[in-house]
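Structure first, commentary second.
The values are calculated or read from the model by the stated rules, or taken from the named source; none is laboratory data. Please read all numbers here as calculations on a predicted model, not as lab measurements. Cβ placement follows ideal geometry from the backbone for every residue including glycine, while neighbour counts extend to all protein chains displayed. Accessible surface areas use protein heavy atoms only, side chains included; no ligands, DNA or RNA. Shrake-Rupley method; radii C 1.70, N 1.55, O 1.52, S 1.80 Å.
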Amino acid sequence: GVDGPVAARVKSQALRKLQQRKLVSQEDLPCLESLSVALRDDLRVEVCRPQLRGHPLLGMLPYLDPKALRTLCTKAVDWLYPRIHDELFCIGNTAQSAYLLVSGELWYSQPRDKSGGEITTVVSPGAWLSESAFWSQWKHVGTATAAVDSQVMTVDGEALAEILLKARRGMSSIAASYGSMFHQCIVKAIPPAAAFPNDLEVPFTDFGDIVRTMAPDVRVVVAEATLAMLEAGSGAWRFPGLSRAIDAEMAQALRGEVHAGKSVIVLGRGGGVERVVSLVVLELKDSDDRLLVQVGSVGEDGLKTDCRLPAEKLREGEMGGEAYERLLARKLCLASETVELQHTVERVTQKESDRYGIKTKYLRKVYTARFSGSLNSELVDVCAEVADRTERDPPRVQGDGRHMVVDGNTTRIYTWLEERDFEHLASPAGAADLEALLSNIAPKRRCI
């Protein structure tokens, strides 16, 4: 009595699934039941731990509370093996768990706001879905479907909350702060300030961004846990996200930054170490619409090329305005009345730290301003001869556009550049031109 087209679809899908190879699950291995409970739990921990390491919060459990990790793996974690075209969850259903795609591929579909149709996103292994279920009463706003046979790890939200509440060594404080901030991000994610949250992403919930807003003592616990996990013996540390070993002296410098509130050290998505730095950056233009750019510095080790906008790190408990004023007065030696502030905007960039060799995320509060004065020749006296030894004609340091500021044993070198020249010299392709630009700079007199 089943309608012909429906019957045909049921038959087609059933035959297709019968012909597909099935991933092996724990239920398919009855021999595991013969193992002792303790040994089965050990096995579950070993299977789950590499997957949980990719989540920056849960990845700290092995160091901060191994017992809580064991409870999580045995009480809150389960496994799903959706076949091709199976639905993992549907729009409108209440989410009880978060999902980690371990292998395979998913399609995540969301209805468009007003134009109709759907927006489909391909989800790759390593991605977490519906993490909001950990920190809120979340309803799915899209549908996840298996694009191929896949393996998915689930973590029950209520069970996780109970485990983290009882966790030790600062883990409960970190989780409470993280969960509270994550929930605030869900609530505040409203256009135009931010995109609406969905099952794949909640705006501004990057772990490093959230840790930066935590209380100082909690930030220190996060950093110490991360640094402790990097330890590999013999005073050197290696970890994903590091291009070289970090010795004890470098580690102490990193700790000093964290304690001073200048940066945070966290595990990033995928388990790599990540340094997060909050900066105030100045986009200062002159009457010819040129940017004031630091092109290098001279120190005890000689000349170093470095093409970037003037910047200053935020200190503990400091607002952007204080760092902006310090940047003008201390790093640039410019009178505030010669600089007219126009507007500010926040930007995020990532690059490897030259000093530490760590992937560093720079959260930049960019101050755009106009320079209405002239650089004080009595304060700064510079002689610069630039040899043009490249095929491309590089920008030249000219007239009162030269500016040098001494800070201890380091002299920072600034000049005015057109935006296109700045972009070129700051890129890998412009490295040779930048070196040629600065090759013959020799300051005659330096003043603090």
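Using a 1.4 angstrom probe and counting only protein chains, how large is the accessible area of residue 423 in Å², to 10?
Spelled out: residue 423, probe radius 1.4 Å, area about 120 Å².
Assign one of three labels to region 139-190, namely rounded, prolate or oblate, based on the Cα gyration tensor with a ≥ b ≥ c the square roots of its eigenvalues; rounded applies when a/c is under 1.5, prolate when it is not and a/b is larger than b/c, and oblate otherwise. List each step's numbers first, then the result.
Details: a/c = 3.18, a/b = 1.45, b/c = 2.20.
Here region 139-190 falls in the oblate category.
When Lys and Arg each count +1 and Asp and Glu each count -1, what net charge do the other residues less than 15 Å away from residue 168, Cβ to Cβ, add up to?
Working: positive: 67, 70, 166, 169; negative: 65, 162, 224.
Residues near residue 168 contribute +1 overall.
Please give the net charge around residue 291, taking every other residue with its beta carbon less than 13 angstrom from that of residue 291, where Lys and Arg add +1 and Asp and Glu add -1. Don't skip to the end; give the middle numbers.
On the way: positive: 285, 290, 308, 370, 420; negative: 283, 286, 288, 289, 418, 419, 421, 423.
Local charge sum for residue 291: -3.
Report the local net charge at residue 96: Lys and Arg +1, Asp and Glu -1, summed over other residues whose C-beta lies under 12 Å from its C-beta. Let's see the in-between values first.
Details: positive: 139; negative: 78, 156, 158.
Net local charge, residue 96 excluded: -2.
Roughly how far apart, in whole Å, are the Cα centres of region 112-187 and region 74-109?
11 Å
Work out how far the C-alpha atoms of region 76-149 reach from end to end along every principal axis, then list the three figures in whole Å, largest first.
38, 29, 18
At a Förster radius of 60 Å, what calculated FRET efficiency corresponds to the Cβ-Cβ distance of residue 94 and residue 289, to the nearest 0.05? Provide the component values of the computation, followed by the final result.
Numbers: r = 55 Å, r/R0 = 0.91.
Working from the Cβ atoms, E equals 0.65.
With all protein chains present and a 1.4 Å probe, how do 249, 224 order by accessible area, largest first?
249, 224
Label points 7 Å out from Cα along the Cβ direction at residue 41 and residue 224: separation in nm?
Once both label points are built, they end up 2.8 nm from each other.
Rounded to the nearest 10 Å², what accessible area does residue 297 have for a 1.4 Å probe in the complete protein model?
Per-residue accessible area (residue 297): approximately 20 Å².
For 145, 415, 71, write out the residues from largest to smallest accessible area, computed with a 1.4 angstrom probe and no ligands counted. Each step should come with its number before you reach the end.
Details: 145 30, 415 5, 71 55 Å².
Largest accessible area first, the list is 71, 145, 415.
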